[in-house]
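The values are calculated or read from the model by the stated rules, or taken from the named source; none is laboratory data. From a predicted model like this one, the values you see are computed outputs, not experimental measurements. Neighbour counts are summed over all protein chains in view; Cβ atoms, including those assigned to glycine, are modelled from backbone coordinates with ideal geometry. Note: areas computed on protein heavy atoms with side chains; ligands, DNA, RNA excluded. Shrake-Rupley method; radii C 1.70, N 1.55, O 1.52, S 1.80 Å.
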Amino acid sequence: MEKTLNRIHPVSDPEATYFLQVSWEKDLGTGFGLLLSDCQCAWNGTVSETDISREAAEIEMDREKYVEELRKALIAREESSGKYNFVIS
């Protein structure tokens with residue numbers, strides 16, 4: 001299993017710091033787990049392969065392109081710094 005951990009500052013609360021851990025087996029396209037923490041509380045969840053396909057279809061985006069965008073937003077922070085914003089709700 002592979003994992004990444006990134007520090008994020010959501011646009012919804014720029015003074016706050018959260019830590020986002022993403023874990024996956026083969027690649028993000030087969031599903032992944034998320035763990036979000038503000039160092040006081042933690043929230044976790046999973047995104048299935050079916051969820052990914054459904055989301056890509058809903059926004060009318062090629063599934064492979066959608067998975068690549070997920071990778072950039074959730075894993076490849078250095079190469080996509082400043083391109084993606086997070087909103088915590």
- Treat every Asp and Glu Cβ in the chain as -1 and every Lys and Arg Cβ as +1, leave all other atoms uncharged, and give the resulting dipole magnitude about the Cα centre to the nearest 20 debye. 220 debye
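Can you sort 71, 7 by 1.4 Å-probe accessible area, starting with the largest?
So the residues, ranked largest to smallest area, are 7, 71.
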- Message: Based on DSSP loop calls and a cut-off of at most 14 other Cβ atoms within 10 Å, the longest stretch of the chain free of exposed GluC sites (Glu not before Pro) is what?
- Response: 26-59
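Using Cα-Cα distances under 8 Å and only pairs 6 or more residues apart, what relative contact order does the chain have, in percent?
Numbers: 130 pairs, mean separation 23.1, N = 89.
It comes to 26 percent, rounded to a whole number.
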- Which one is right for this structure if Cα extents along the principal axes in Å is calculated from it: (1) 57, 38, 16; (2) 35, 26, 24; (3) 49, 35, 23? (2)
- For helix 63-74, what angle does its Cα long axis make with the longest principal axis of the chain, in degrees from 0 to 90 and rounded to 10? 10 degrees
- Task: Obtain the nm distance between the two label points defined at residue 46 and residue 85 by a simple spin-label model: each point lies 7 Å from its Cα along the Cα-to-C-beta direction.
- Result: 3.3 nm
- Message: With angles folded into 0 to 90 degrees, how steeply does helix 49-58 sit against the dominant principal axis of the chain? Use alpha carbons for both and round to 10.
- Response: 80 degrees
- Accessible-area composition of the range 2-75, carbon plus sulfur, in percent [1.4 Å probe]: 50 percent
- Message: Not counting ligands, DNA or RNA, and with a 1.4 Å probe, what is residue 72's accessible surface area in Å² rounded to the nearest 10?
- Response: 50 Å²
- Task: Provide the per residue accessible area, probe 1.4 Å, for the range 2-75, rounded to a whole number of square angstrom.
- Result: 64 Å²
- Query: Once phi is turned into θ = phi - 60°, what whole-Hz ³J(HN,Hα) does the Karplus curve with 6.51, -1.76 and 1.60 give for every residue of the range 8-22, x standing for Gly and Pro?
  - Reply: 10, 10, x, 5, 6, 7, x, 7, 7, 10, 10, 10, 10, 9, 10
